[in-house]
Amino acid sequence: MKKVLMFIFFSIFAASFFYSQYRTYPAYGKIYTINDSEVDRKQFKEVTFDEVNEIYDTAIKTENTDSLRNIKFKTKCHITSISKVHSTNWKKLTLYCNGTSLYDFLVPKGYLLPDTALFESVEIYYYFIVYIDGTVERKDYGIEFLLDGRFAGFRYKAADNLKIRETPSLAAEKIGLISKYENVTILEVGQKEIIDRIESVWVKVRTDDGKEGWSFGGYLTDGYLYFQKYFWE
């Protein structure tokens, strides 16, 4: 009986410890760096990947790759897939960053929970390494999980036909429709809500033909439909 009680006690303790460790990451508002170093946010310039590509292309065309030294960047993105790097403790992320898909952003396994939702909002930190022969390589530096459901100024693609409403509510009057795979620009981000098992935010959008109104952001992604994986399921 004593051994049974000790076993039960140990099991509860181990489960509690594992749960506390399991829920350690990610913590919102903290930057997790590859080498666990402190981060001065002011050192990183917030840019889109289009802007980074323009900076990179200019440096290559003008044969001035030295201009890329000591420049650090940060970019807002969404996680669209997570995969394991074979025989390592690293995870490989595919990211959607305002129309650009970025592959092979690497982070240590401990920085992601098994139930991290796809299309989770993050900000990635990175820089360029310029080698002696002039070749350039992007170096991943860190990642931060954000509470933002969607980003104002970003262009998203509708994962299905999506109603545009007068106000951010399912009860509001329908004033337009976003067709499946149609692109829209987000003007404003509203309150969070769970609709069709998707946790996201209401967003004010503008279509390419100038129509403005409110739509549910859970159906505005890179064109794919991502269902929220709830912890209690």
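The values are calculated or read from the model by the stated rules, or taken from the named source; none is laboratory data. Owing to the predicted nature of the structure, the values given are computational and were not obtained by experimental measurement. Neighbour counts are summed over all protein chains in view; Cβ atoms, including those assigned to glycine, are modelled from backbone coordinates with ideal geometry. The area values use the complete protein model at the heavy-atom level, side chains included, leaving out ligands, DNA and RNA. Shrake-Rupley method; radii C 1.70, N 1.55, O 1.52, S 1.80 Å.
When ligands, DNA and RNA are left out and all protein chains stay put, how many square angstrom of accessible area per residue does the range 49-166 have with a 1.4 Å probe? Show your work: numbers first, answer last.
Working: 5840 Å² over 118 residues.
So the range 49-166 comes to 49 Å² accessible per residue, rounded to a whole number.
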Which pairs break 28 Å Cα to Cα here: 45/91; 74/157; 76/180; 45/174? 45/174
Counting DSSP beta bridges with both partners in the chain, what percentage is antiparallel, nearest 5? 95
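List the relative contact order of the chain as a percent without decimals, with contacts defined as Cα pairs under 8 Å and 6+ residues apart. Mind dumping the intermediate values first?
Values: 446 pairs, mean separation 36.7, N = 233.
Dividing the mean separation by the residue count of the chain yields 16 percent.
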Read-out mean projected area of the Cα convex hull in nm², candidates (i) 19.3; (ii) 12.3; (iii) 18.0; calculated match is (iii)
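Using 1/(1 + (r/R0)^6) with R0 = 30 angstrom and r between the beta carbons of residue 206 and residue 146, what's the FRET efficiency to the nearest 0.05? Mind showing how you got there, number by number?
Values: r = 23 Å, r/R0 = 0.76.
For R0 = 30 Å, the calculated efficiency reads 0.85.
With a 1.4 Å probe and every protein chain kept in, tell me what percent of the accessible surface of the chain is carbon plus sulfur. Each step should come with its number before you reach the end.
Working: 7370 of 13770 Å².
Solvent-exposed carbon and sulfur of the chain make up 54 percent of the total.
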The lysines whose Cα lies under 18 Å from the Cα of residue 192, excluding any fewer than 8 residues away in the same chain, are 163, 204, 229
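Taking the Cβ-Cβ separation of residue 109 and residue 173 as r and a Förster radius of 45 Å, what is the calculated FRET efficiency to the nearest 0.05? Could the numbers behind the result be given before it?
Details: r = 47 Å, r/R0 = 1.05.
Taking R0 as 45 Å, the efficiency between residue 109 and residue 173 is 0.40.
State, as an integer percentage, the relative contact order of the range 171-225 based on alpha-carbon contacts under 8 Å between residues 6 or more apart.
Working: 73 pairs, mean separation 15.5, N = 55.
Dividing the mean separation by the residue count of the range 171-225 yields 28 percent.
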Amide H proximity to residue 154 below 5 Å, modelled H, separation 5+ or other chain, gives 186
